[in-house]
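A.B. asks: Here you go, one structure.
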Amino acid sequence: MGNEMKWIRNIKARLEDNKASVEALNIDEIRKVKNFHKSFPMYFETPLVELKNLAGYLGISNIFVKDESYRFGLNAFKVLGGSYAIGKYVAEKLGVDISDLTFEKMKGSDTRQKIGQITFTTATDGNHGRGVAWAAQQLGQKAVVYMPKGSSEIRLNNIRATGAEAYITDLNYDDAVRLSYENAKKHGWQIIQDTAWKGYKNIPLWIMQGYATMLLESIGQLKEKGIDRPTHVFIQAGVGSLAGAVQGLIAAYYKENRPISAVVEPNKADCMYRSAVNGKITSVGGDMDTIMAGLACGEPNPIGWNILDSYCDLFASCPDNIAALGMRVLGNPFSGDEKVISGESGAVTMGFLYAVTTNEKYKDVKDALELDENSKVLLISTEGDTDPENYREIVWNGKYPYMK
């Protein structure tokens, strides 16, 4: 793989023909999702950090970073999707609407007696599996989690700390998903996976709805700061569930006045970028050995892809040093700006923004995105230092240097 960014503009994103439905991500539905999350005693809105001085340096109006390192004490956003999907699953088992199901009701002995013992299983690079395992633990249920080869031992141990069984396999991410699915069928477990396939669509959609809570929070937090809408939203993609959720809510909420959007991926797992180039779902195989472990997914979620194909303005494929750059920029702020501790997958959009606004060779990307002195950019730092040792290697010791 080269060490340069690749990108493609999605011209049809601004046409009105053949748009994918975003009804499942409409504002009323996501308010219901947020209310479910608010019933958790550990819930609070994660910070929306304003980086006004960095924005001035980059020649734009403002930058806002949603800092998900504070989410439920788990250092990443993924628990929003897993917990909501499990909540919807339990609600269906009980025959009630999710609006009538709170965290306390889910934990209650009456609910546990009705639904019995459940083992939830999933494949993960770390954060999603930890979120599913944590939710299962809270409900007194079991979890079995599979991780791809090369996964962080620290992330493995964090999952096991919830009481879950967790294993690092010798498979890549997508084959670990298949292993989880096969074992679920064999043992009567329930798979909670953030990608869809034939006969398995409800749970991935519920996970996407769960993710949308943080964007709904962001919209409200921006309004508190006097911002009716950001001009730009940049979002990272693995299988595309998060990116599809964010893009879908943007399209549903802002409609024809929606912000300009870009999806950013690691170049060793850029299935969304390749799908955009080819005009159809395109997978990436092999080990996908990127530092952006949470984005090392080779097979697109078709639900997420359909939304992104319809509405996303630009797809970018980035080398690892762009993510490392973003980590250092967020971790070493200008005086007056707040520090954000962001992990490899969380910081790639900041690295992308910094690169396209400061490096002349990416001027065509900047122009395509219409970034200028009036731009107000929203980014989501999806994780904190979920692998602290690697975080220090990059931020302290300069691993994966960025060269113009």
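A.B. asks: Exposure proxy check: Phe334, Phe64 ranked by fewest other beta carbons within 10 Å?
C.D. replies: Phe334, Phe64
A.B. asks: Right, next: Sequence neighbours fewer than 8 away in the same chain don't count; with that in mind, list the lysines whose C-alpha is under 19 Å from Lys93.
C.D. replies: In chain and number order, the partners are Lys32, Lys105, Lys107, Lys114, Lys142, Lys185, Lys201.
A.B. asks: Neighbour counts of other C-beta atoms within 10 Å: give me His37, His128, His232 arranged from fewest to most. Please list the in-between numbers first.
C.D. replies: Working: His37 23, His128 28, His232 20.
Fewest to most other Cβ atoms nearby, the residues stand as His232, His37, His128.
A.B. asks: Under a point spin-label approximation (7 Å from Cα along Cα-to-Cβ), what is the Thr358-Leu179 distance to one decimal in nm?
C.D. replies: 4.0
A.B. asks: Additional query: Order these by the 10 Å Cβ neighbour count, fewest first: Trp189, Trp134, Trp396, Trp197.
C.D. replies: Numbers: Trp189 19, Trp134 24, Trp396 10, Trp197 14.
Ordered by Cβ neighbours within 10 Å, fewest first: Trp396, Trp197, Trp189, Trp134.
A.B. asks: For Ala276, what charge total do you get from the other residues with a beta carbon under 12 Å from its beta carbon, if Lys and Arg give +1 and Asp and Glu give -1?
C.D. replies: Details: positive: Lys6, Arg9, Lys12, Arg274, Lys280; negative: Glu265, Asp270, Asp309, Asp313.
Taking every other residue near Ala276 into account, the sum is +1.
A.B. asks: Follow-up. Name the GluC sites (Glu not before Pro) in segment 363-404 that are in a loop by DSSP and that have at most 10 other C-beta atoms within 10 Å, would you?
C.D. replies: In loop regions of segment 363-404 (DSSP not H, G, I, E or B), the sparsely surrounded GluC sites (Glu not before Pro) are Glu373.
A.B. asks: Let's test the formula: R0 of 25 Å, r as the Cβ-Cβ distance of Glu224 and Asn257. What FRET efficiency results, to the nearest 0.05?
C.D. replies: 0.80
A.B. asks: Are there GluC sites (Glu not before Pro) in segment 1-80 that DSSP puts in a loop and that have at most 14 other Cβ atoms within 10 Å, and which ones?
C.D. replies: Within segment 1-80, the qualifying GluC sites (Glu not before Pro) (loop, at most 14 other Cβ atoms within 10 Å) are Glu4, Glu16.
A.B. asks: Follow-up. Using only Cα atoms, find the angle between the long axis of helix 348-358 and the longest principal axis of the chain, and express it within 0 to 90 degrees, rounded to the nearest 10.
C.D. replies: 10
A.B. asks: From the phi angles alone, apply the Karplus equation (6.51, -1.76, 1.60; θ = phi - 60°) to segment 20-37 and give each ³J(HN,Hα) in whole Hz, x where the residue is Gly or Pro.
C.D. replies: My calculation for segment 20-37 gives 5, 5, 10, 4, 5, 10, 5, 4, 5, 5, 6, 4, 5, 4, 4, 4, 4, 5 Hz in order.
A.B. asks: Now, a different point. Of all DSSP beta bridges in the chain, what percent run antiparallel (nearest 5)?
C.D. replies: Percent antiparallel among DSSP bridges in the chain is about 25.
A.B. asks: Separation of segment 199-253 and segment 65-89 by C-alpha centroid, Å?
C.D. replies: With segment 199-253 and segment 65-89 each reduced to a Cα centre, they are spaced 13 Å.
A.B. asks: Give me the distance between the Cα centres of segment 358-404 and segment 1-62, rounded to whole Å.
C.D. replies: Distance between centres, Cα-based: 16 Å.
A.B. asks: Taking 0.36 nm per residue of sequence separation and subtracting the Cα-Cα distance, how much length would be gained by fully extending the chain between Lys52 and Leu15, in nm to one decimal?
C.D. replies: Full-extension gain reported as 10.0 nm.
A.B. asks: Among 30-36, 267-273, how do they line up by average Cβ neighbours within 10 Å per residue, starting with the highest?
C.D. replies: Values: 30-36: 19.3, 267-273: 26.0.
Top to bottom by mean Cβ count within 10 Å: 267-273, 30-36.
A.B. asks: What is the dipole size for the chain, taken about its Cα centre, with +1 at each Lys and Arg Cβ and -1 at each Asp and Glu Cβ, in debye to the nearest 20?
C.D. replies: 700
A.B. asks: Please give every one of the lysines within straight-line cross-link reach of Lys363, meaning a C-alpha to C-alpha distance under 25 Å, and leave out same-chain neighbours fewer than 8 residues apart.
C.D. replies: Partners found: Lys6, Lys12, Lys52, Lys268, Lys376, Lys404.
Bear in mind these aren't lab numbers, they're just calculated from the coordinates by the rules spelled out. Because the structure is a prediction, the values reported are computed rather than measured. Using ideal geometry, Cβ is built from the backbone for each residue, glycine included, and neighbour counts are taken over all protein chains shown.
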